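The values are calculated or read from the model by the stated rules, or taken from the named source; none is laboratory data. Keep in mind the model is a prediction, meaning the values are calculated, not measured. Here the Cβ positions follow ideal geometry from the backbone for every residue, glycine too, while neighbour counts run over all protein chains shown. Keep in mind that these areas ignore ligands, DNA and RNA; they rest on the heavy atoms of the full protein, side chains included. Shrake-Rupley method; radii C 1.70, N 1.55, O 1.52, S 1.80 Å.
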Amino acid sequence: MYNAKAYSAASATSSLASTTIPRRDPNEHDVQIEILFCGICHSDLHSVRNEWSEFMPTVYPIVPGHEIVGRVTAVGSAVTGFKPGDLAAVGCMVDSDGTCPKCKGGLEQFCQNVTLTFNSEDKHLGGVTYGGYSDGVTVDERFVLRVPTKLDLAGTAPLLCAGITTYSPMRHWGVAKGKKVGVVGLGGLGHMGVKFAHAFEAHVVVFTTSPGKQEDALRLGADEVVVSRNLDEMQKHAGTFDFILDTVSADHDINAYLQLLGPDGNLTLVGAPAKPLGVAAFNLIMGRRSLSGSMIGGIAETQEMLDFCGEHNITANVEVIPIQMVNEAYERLLKSDVKYRFAIDMASLKSE
Ligand code: NAP
Ligand code: ZN
């Protein structure tokens, strides 16, 4: 066991502050990683503030972070895919049972025994797992991803959650040339959704509450932008979408978007507001529309997404910050004021 530097929150109302945490020495299947960058996902904020207490109550202290990119410092004797000096990445999961039908089907994220990167039971050290707001982590090789070498590292970190969370449902629902696709909310997830839908050659429409993001949306790959508070603009698109990806983190009216779906259209929620959302039955039964959800993606699909990003030169647009600015970053996240993902430069932990 060794001590790593980290930032943690002591309670739902505490700021994040400097601390040290235990990490395990690599066992035979483990990869030890020096963390270089970690993205800030809105899920980190939901968890730190215990906003999902009903579904995943937070255990304190919490060290969030599941968009991890770093360099391998040591490997166990049985590790075959990584060696010291390699780039490596870790997303939202660090383990699963590996034997259930979901794991065998490449859907580890739905395994009943999945271990999330933070706030899950730590089978090795006891207590809960600690996430990527830290200078190091040790992870089973099966959950370590290869990073395409050409990509900017800070912009690659968010691919591990924002990237796969938007890539996976678009692949599942057949986003492709000739399809009309909506992306609701232009934040960390939303801006990746726009990049992928554009790369898949769909016609992409962004729905934003922030008029100031319109120009950016077009630059990111949108074909059209709708300021969602403008009801006339919304109405012009009624009944026309094949697929809509909703990335909104707060309470909002999804009926306004269900009405925009064409026959057999699907709206997939990836945003995870704390409170239940109301659905008018007629918005589903008219046109045989469907409403579904999606959670990250499996390990093989995450690697596929990273490789796709390497081939198409896709990374997140990041604002790189020192870890000492993390509390300010959370306040800005709540105001939808990030373009479009914060990435923490872990070198800033050295001064703690
Ligand atoms: P984010 O960067 O804060 O983006 C959320 C965006 O939603 C904002 O930029 C804003 O876009 C829009 N928005 C915020 N408040 C709104 C409101 N009251 N009404 C309408 N729109 C609003 O967050 P993120 O990191 O992308 O995460 C988004 C959500 O996805 C979070 O709930 C997060 O927990 C969840 N998530 C789910 C998964 C999964 O596996 N399903 C994975 C990661 C994250 P505009 O300014 O353009 O309106
Ligand atoms: Zn996330």
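Observations
- Residue by residue, the stretch 13-26 carries 3J(HN,Hα) couplings of 10, 8, 6, 7, 9, 5, 7, 10, 10, x, 10, 7, 5, x Hz when phi is fed to the Karplus relation 6.51 cos²θ - 1.76 cosθ + 1.60 (θ = phi - 60°); x denotes Gly or Pro.
- Rounded to the nearest 20 debye, the dipole size of the chain about its Cα centre is 400 debye, using +1 on the Cβ of Lys and Arg and -1 on the Cβ of Asp and Glu.
- Cα gyration tensor shape of the stretch 65-173, rounded if a/c is under 1.5, else prolate or oblate by comparing a/b with b/c: rounded
- The stretch 83-102 and the stretch 184-210: distance between their alpha carbon centers, rounded to Å: 28 Å
- The apolar share of the surface of the stretch 94-141, taken as the fraction of accessible area on carbon and sulfur atoms (1.4 Å probe, ligands and nucleic acids excluded), comes to 49 percent.
- Placing unit charges on each Cβ (+1 for Lys and Arg, -1 for Asp and Glu) gives the chain a dipole about its Cα centre, and among C309, N255, S53 the Cα reaching farthest toward its positive end belongs to N255.
- You can think of it this way: the chain between R71 and S11 has 18.5 nm of extra reach, that is 0.36 nm per residue less the Cα-Cα gap.
- Alpha-carbon centroid distance for the pair the stretch 244-319 / the stretch 1-79, whole angstrom: 26 Å
- The alpha-carbon atoms of the chain, seen along their principal axes, cover 59, 40, 37 angstrom, with the largest extent given first.
- Take 294-300, 156-162, 272-278 and order them by the average number of nearby Cβ atoms within 10 Å per residue, most first; the result is 156-162, 294-300, 272-278.
- Here's how it looks for V183: its modeled amide H is under 5 Å from those of V205, V206, F207, L245, which are all 5 or more places away or on a different chain.
- Each Lys and Arg contributes +1 and each Asp and Glu -1, all at the Cβ; summed about the Cα centre of the stretch 163-293, the dipole is approximately 260 debye.
- Cα shape, the stretch 163-293, gyration tensor, a/c 1.5 rule: rounded
- Rounded accessible area per residue of the chain, 1.4 Å, Å²: 42 Å²
- Taking all Cα pairs closer than 8 Å and separated by 6 or more residues, the relative contact order of the stretch 163-293 comes to 21 percent.
- Antiparallel beta bridges, as assigned by DSSP with both residues in the chain, represent about 55 percent of the total such bridges.
- Excluding same-chain neighbours fewer than eight residues apart, the lysines reachable from K213 by a Cα-Cα span under 29 Å are K150, K177, K179, K180, K195, K236, K275, K335, K339.
- Unit charges at the beta carbon, dipole of the chain: most positive-side option, S290, S77, G278: S290
- Sorting D95, D30 on solvent-accessible area from highest to lowest, probe radius 1.4 Å, gives D95, D30.
- Cα lying deepest toward the dipole's positive end in the chain, options V31, Q112, M234, charges on Cβ: M234
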